[in-house]
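Can you keep this structure in mind? I'll have questions shortly.
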Amino acid sequence: MDQDSFARLLNDFTLSAESGDGARFAAHFTEDAVYHDYIYGAHKGRAEIAHMMEHLFHRDAGDDYRWEMFDPVCHGDMGYAWSLSSFTSTVPQFAGQFVVIDGMSRFIVRDGLIAEYRESVNGGVAMAQLGVEPERMVKILKRWSGWLRDRPETVDYLSRSRRAKVPSSRPVSRS
């Protein structure tokens, strides 16, 4: 996918997320896509992704949900972008609390559609804005830590030996 096509995909992707139309949002994904959300976990396939958007995101974020991607970079079948999103919580315990967060997203694209989506967001920032109790925050952050440690990529990373450090006076290879 070229840079301009990727930027258009992300614009349509976030506009459809803001709309709350799960089918419209899921249409940006391959049939077998996986959406890894930092709050709601992994959702596989268009039906699950559509359900997540309509019945989880918009249930909890309400009608003022916003999401924009910035500085998209695409190289072949992989793309990245920085984002800002905001909402006013409709979760009864946190109703009316306004939240703004930033994050980094990684996209694997296939045939012009998203085959895999992952994000990295500091959920502690969101929880602090919501007013989540410290004890609950610790419980959630421990769960997220477990998810990170259990990911196949992390298990593989931790199983390898540490690489030798490059002296700071030598440039790092960019190839």
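The values are calculated or read from the model by the stated rules, or taken from the named source; none is laboratory data. Given the structure is predicted, the values throughout are model-derived calculations rather than measurements. For neighbour counting, all protein chains shown are included, and Cβ atoms are generated from backbone atoms with ideal geometry for every residue, glycine included. Calculation scope for accessible area: heavy atoms of the full protein, side chains included, ligands and nucleic acids excluded. Shrake-Rupley method; radii C 1.70, N 1.55, O 1.52, S 1.80 Å.
Across the range 120-132, what is the number of residues that are under 13 Å from the mean Cα position of the chain (by Cα), surrounded by fewer than 16 Cβ atoms within 10 Å (Cβ to Cβ) and not hydroxyl-bearing (Ser, Thr, Tyr)?
The total comes to 1.
Inside the range 48-84, can you point out the residues that are open to solvent by 60 Å² or more (accessible area, probe 1.4 Å), under 18 Å from MET104 (Cα atoms) and not hydrophobic (A, V, I, L, M, F, W, C)?
Hits for the range 48-84 are ARG66, GLU68, ASP71, HIS75, ASP77, TYR80.
Residues that are out of contact with any Leu (no Cβ under 9 Å at 6 or more places or on another chain), of a type in the set (A, V, I, L, M, F, W, C) and either surrounded by 13 or more Cβ atoms within 10 Å (Cβ to Cβ) or under 24 Å from THR14 (Cα atoms) (or both): does the range 146-168 have at least one? Don't jump to the end; show me each part of the working.
Within the range 146-168, the subset out of contact with any Leu (no Cβ under 9 Å at 6 or more places or on another chain) is 146-148, 150-153, 155-168.
Checking which are of a type in the set (A, V, I, L, M, F, W, C) leaves us with 147-148, 155, 158, 164, 166.
From what's left, either surrounded by 13 or more Cβ atoms within 10 Å (Cβ to Cβ) or under 24 Å from THR14 (Cα atoms) (or both): 147.
The answer is yes, given that some residue of the range 146-168 is out of contact with any Leu (no Cβ under 9 Å at 6 or more places or on another chain), of a type in the set (A, V, I, L, M, F, W, C) and either surrounded by 13 or more Cβ atoms within 10 Å (Cβ to Cβ) or under 24 Å from THR14 (Cα atoms) (or both).
Hey, another quick one. Could you grab the pairs with beta carbons closer than 7 Å, sequence gap of 6+ or different chains, first residue in the range 63-83 and under 30 Å from ALA95 (Cα atoms) and in contact (Cβ under 8 Å) with a residue 60 or more places away in the chain, second one among the basic types (Lys, Arg) and open to solvent by less than 60 Å² (accessible area, probe 1.4 Å)?
No pair meets every condition.
For the range 65-82, name all the residues that are aliphatic (A, V, I, L, M) and within 30 Å of GLY96 (Cα to Cα).
Passing the criteria: MET69, ALA81.
ASP64 versus (1) modelled with pLDDT of 95 or more; (2) on the phi < 0 side of the Ramachandran plot; (3) not hydrophobic (A, V, I, L, M, F, W, C): which is the lone unmet condition?
Every condition holds for ASP64 apart from (1).
Determine which member of the set VAL155, VAL100, VAL166, VAL125 is aliphatic (A, V, I, L, M), part of a loop (DSSP other than H, G, I, E, B) and free of Cβ contacts under 8 Å to residues at least 60 places away in the same chain.
Going through VAL155, VAL100, VAL166, VAL125 in turn, just one is aliphatic (A, V, I, L, M), part of a loop (DSSP other than H, G, I, E, B) and free of Cβ contacts under 8 Å to residues at least 60 places away in the same chain: VAL166.
Sticking with this one: Have a look at THR88, THR154 and point out the one that is over 30 Å from GLN3 (Cα atoms) and among the polar types (S, T, N, Q).
Going through THR88, THR154 in turn, the sole match is THR88.
Only one of GLU68, GLU54 is assigned to a strand (DSSP E or B) and not polar (S, T, N, Q). Can you tell me which? Even if it seems obvious, please write down each step before you answer.
Numbers: GLU54 fails: assigned to a strand (DSSP E or B).
Selected residue: GLU68, the only one of GLU68, GLU54 that is assigned to a strand (DSSP E or B) and not polar (S, T, N, Q).
Quick test for you: out of ARG106, ARG110, pick the one residue that is of a type in the set (Lys, Arg), open to solvent by 70 Å² or more (accessible area, probe 1.4 Å) and within 20 Å of GLN3 (Cβ to Cβ).
Selected residue: ARG110, the only one of ARG106, ARG110 that is of a type in the set (Lys, Arg), open to solvent by 70 Å² or more (accessible area, probe 1.4 Å) and within 20 Å of GLN3 (Cβ to Cβ).
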